[in-house]
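The values are calculated or read from the model by the stated rules, or taken from the named source; none is laboratory data. As the structure is a prediction and not an experimental result, all values here were calculated from the model. All Cβ positions, glycine included, derive from the backbone under ideal geometry; neighbour counts span all protein chains shown.
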Amino acid sequence: MVSVIVTPVATAKAFSPGHITGIVIKPDNCLDYHSAGSKGAGFSIDRGITTTVEVFESQTTNYQISINGKVEDANVSRWVVEEYLKDLHKPYYINIKHETNIPIGFGLGSSGAAALSLSYALNDALDRKLTKYEVGQIAHCAEIACKTGLGTVIAEFSGGFEIRTSIGAPGVGHIESMDLKDYKAVIFCIAPLSTKAFLMNNLPLANPLGEKMLKRLRVSKDIDEFQRMSYQFARSLGLTELRCKEPLERLKSHRIQAGVALFGETIFTIVSLDMVNYVKQYLKNFEGTLIVCNIDNTGARVL
């Protein structure tokens with residue numbers, strides 16, 4: 001038997017942080033994908049999705065997408081790669097490998113991180129020479145088109161603790177981003193929720209409350225106030241009465257501010273380093289996946 005080894009003509013790797021949204025305001029109407037999005041507030045984490053792209057010469061154009069080694073039909077990633085395929089001048093086979101260290105469907109921005117890291121990697125591997133804003137806009141439009149998010153991409157694009165003050169893709173929407181150092185995020189994932197279903201059915205009712213919160217938060221830029229607001233916002237949507245209720249009450253009983261990730265049955269708290277073990281102790285008797293990580297202050301990038 002003869003083994004044939006095919007070497008890719010180009011490779012690239014990129015990373016996008018995950019992200020937690022604590023407050024989100026959905027507009028009524030948008031003219032196009034670039035101007036669509038949401039206002040809100042949240043923070044990026046140093047866990048997320050790393051995407052590797054391998055480009056091979058081929059007789060026909062095709063691609064494969066895998067997540068943690070398993071071939072998947074990933075809608076958002078397919079949208080991104082199809083956008084890049086429009087401008088190819090010769091056929092290629094593209095192997096796309098997503099590696100994630102955040103759970104999918106729990107409100108940690110996995111769809112946006114997949115789209116953004118893939119867009120960065122494709123731009124580099126295919127030598128498209130798009131600006132970073134154009135790269136981010138492709139990922140943003142993919143999320144809007146697939147209805148998996150509204151403002152996650154611009155947040156992960158920027159990193160840090162952010163307030164999204166106007167809607168739109170990177171380079172279109174406006175964002176105020178602040179570094180958070182000497183803090184840890186403690187995230188407790190309990191159960192997934194459908195972002196698509198929630199955006200379509202529940203969110204518009206919370207807009208007046210969200211607008212008031214963002215106005216206050218832009219003045220204070222205080223992380224504890226953000227967490228208090230996130231709890232109140234989630235309560236207005238009924239999210240604090242599900243499986244998040246008891247762990248939230250346990251943390252509140254010990255005077256620890258905590259919010260709910262939008263959208264998943266996932267709670268979070270941002271605390272100083274010396275408080276991490278206390279939070280872990282208070283949550284240890286509940287069923288769920290505990291993640292302790294840093295804030296990502298850099299945003300998505302090519303590796």
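So if I check each of ALA169, ALA206, ALA185, ALA155, which one is modelled with pLDDT under 90 and small (Gly, Ala, Ser)? Outline the logic, then answer.
Working: ALA169 fails: modelled with pLDDT under 90; ALA185 fails: modelled with pLDDT under 90; ALA155 fails: modelled with pLDDT under 90.
Only one candidate passes the filter, namely ALA206.
Give the range 75-87 a look and list any residue that's surrounded by 13 or more Cβ atoms within 10 Å (Cβ to Cβ) and not aromatic (Phe, Trp, Tyr), or say none.
So in the range 75-87, the residues surrounded by 13 or more Cβ atoms within 10 Å (Cβ to Cβ) come out as 75-81, 83-85.
Within the range 75-87, ASN75, VAL76, SER77, ARG78, VAL80, VAL81, GLU83, LEU85 meet the criteria.
Check SER177 against each of (1) touching a helix residue (DSSP H, G or I) at 6+ places or on another chain (Cβ under 6 Å); (2) buried (at least 23 other Cβ atoms within 10 Å of the Cβ); (3) closer than 25 Å to ARG218 by Cα and name the one condition it does not meet.
If we test SER177 against (1) touching a helix residue (DSSP H, G or I) at 6+ places or on another chain (Cβ under 6 Å); (2) buried (at least 23 other Cβ atoms within 10 Å of the Cβ); (3) closer than 25 Å to ARG218 by Cα, just (2) comes out false.
Scan the range 14-68 for residues that are buried (at least 24 other Cβ atoms within 10 Å of the Cβ) and free of Cβ contacts under 8 Å to residues at least 12 places away in the same chain and report the count.
Here the count works out to 0.
Quick check on the range 287-301. Is at least one of its residues modelled with pLDDT of 95 or more, outside any loop (DSSP other than H, G, I, E, B) and among the basic types (Lys, Arg)?
Yes, the conditions are met somewhere in the range 287-301.
Given the structure, is LEU116 crowded, with 24+ Cβ neighbours inside 10 Å and either among the aliphatic types (A, V, I, L, M) or out of contact with any helix residue (DSSP H, G or I) (no Cβ under 6 Å at 6 or more places or on another chain) (or both)? First the steps, then the outcome.
Values: crowded, with 24+ Cβ neighbours inside 10 Å: yes; either among the aliphatic types (A, V, I, L, M) or out of contact with any helix residue (DSSP H, G or I) (no Cβ under 6 Å at 6 or more places or on another chain) (or both): yes.
So LEU116 passes the test.
Inside the range 228-278, can you point out the residues that are part of a helix (DSSP H, G or I), buried (at least 24 other Cβ atoms within 10 Å of the Cβ) and among the aromatic types (Phe, Trp, Tyr)?
Result: PHE233, single match.
Identify, please: which residue in the range 128-147 is over 16 Å from ASP32 (Cα atoms) and either of a type in the set (Ser, Thr, Tyr) or touching a residue at least 40 places away in the same chain (Cβ under 8 Å) (or both) and is, among those, surrounded by the most Cβ atoms within 10 Å (Cβ to Cβ)?
Within the range 128-147, the subset over 16 Å from ASP32 (Cα atoms) is 128-133, 135.
Now narrow it down to the ones that are either of a type in the set (Ser, Thr, Tyr) or touching a residue at least 40 places away in the same chain (Cβ under 8 Å) (or both): 128, 131, 133.
Values: ARG128: 15, THR131: 11, TYR133: 13.
Top of the filtered list is ARG128.
Checking the conditions here, which among GLU176, GLU143, GLU162, GLU156 is within 16 Å of the chain's Cα centre (by Cα), over 13 Å from VAL302 (Cβ atoms), of a type in the set (D, E, K, R) and not in a helix (DSSP H, G or I)?
On the way: GLU176 fails: within 16 Å of the chain's Cα centre (by Cα); GLU143 fails: not in a helix (DSSP H, G or I); GLU156 fails: not in a helix (DSSP H, G or I).
Result: GLU162 is the single residue among GLU176, GLU143, GLU162, GLU156 that is within 16 Å of the chain's Cα centre (by Cα), over 13 Å from VAL302 (Cβ atoms), of a type in the set (D, E, K, R) and not in a helix (DSSP H, G or I).
Which of the residues belonging to the range 11-52 are among the aliphatic types (A, V, I, L, M) and in contact with a strand residue (DSSP E or B) (Cβ under 8 Å, 6 or more places away or on another chain)? Lay out the reasoning, then the answer.
Let us first name the residues in the range 11-52 that are among the aliphatic types (A, V, I, L, M), namely 12, 14, 20, 23-25, 31, 36, 41, 45, 49.
Correct list: ALA12, ALA14, ILE20, ILE23, VAL24, ILE25, ALA41, ILE45, ILE49.
With the checklist (1) modelled with pLDDT under 95; (2) touching a strand residue (DSSP E or B) at 6+ places or on another chain (Cβ under 8 Å) in hand, flag the one item ASP87 doesn't pass.
Evaluating ASP87 over (1) modelled with pLDDT under 95; (2) touching a strand residue (DSSP E or B) at 6+ places or on another chain (Cβ under 8 Å) leaves (2) as the failure.
Only one of these conditions is not met by VAL24: (1) of a type outside the set (Asp, Glu); (2) within 14 Å of the chain's Cα centre (by Cα); (3) at pLDDT 95 or above. Which number is it?
Failing condition for VAL24: (3).
Going by what's in this entry, would ARG78 be described as without any contact (Cβ under 8 Å) to a residue 60 or more places away in the chain, assigned to a loop (DSSP other than H, G, I, E, B) and among the basic types (Lys, Arg)? Please lay out each step first, then the result.
Numbers: without any contact (Cβ under 8 Å) to a residue 60 or more places away in the chain: yes; assigned to a loop (DSSP other than H, G, I, E, B): no; among the basic types (Lys, Arg): yes.
Spelling it out, it is not the case that ARG78 is without any contact (Cβ under 8 Å) to a residue 60 or more places away in the chain, assigned to a loop (DSSP other than H, G, I, E, B) and among the basic types (Lys, Arg).
What residue, among those in the range 32-69 that are within 22 Å of ALA155 (Cβ to Cβ) and assigned to a loop (DSSP other than H, G, I, E, B), is farthest from the chain's Cα centre (by Cα)?
The initial filter retains those residues of the range 32-69 that are within 22 Å of ALA155 (Cβ to Cβ), namely 32-51, 67.
Keeping just the survivors that are assigned to a loop (DSSP other than H, G, I, E, B) gives 32-38.
Values: ASP32: 21, TYR33: 17, HIS34: 17, SER35: 18, ALA36: 16, GLY37: 13, SER38: 13 Å.
Filtering first and then ranking leaves ASP32.
Residues of the range 91-118 being of a type in the set (A, V, I, L, M) and part of a helix (DSSP H, G or I), which ones?
Looking only at the range 91-118, we keep the residues that are of a type in the set (A, V, I, L, M), and these are 94, 96, 102, 104, 108, 113-116, 118.
Result: ALA113, ALA114, ALA115, LEU116, LEU118.
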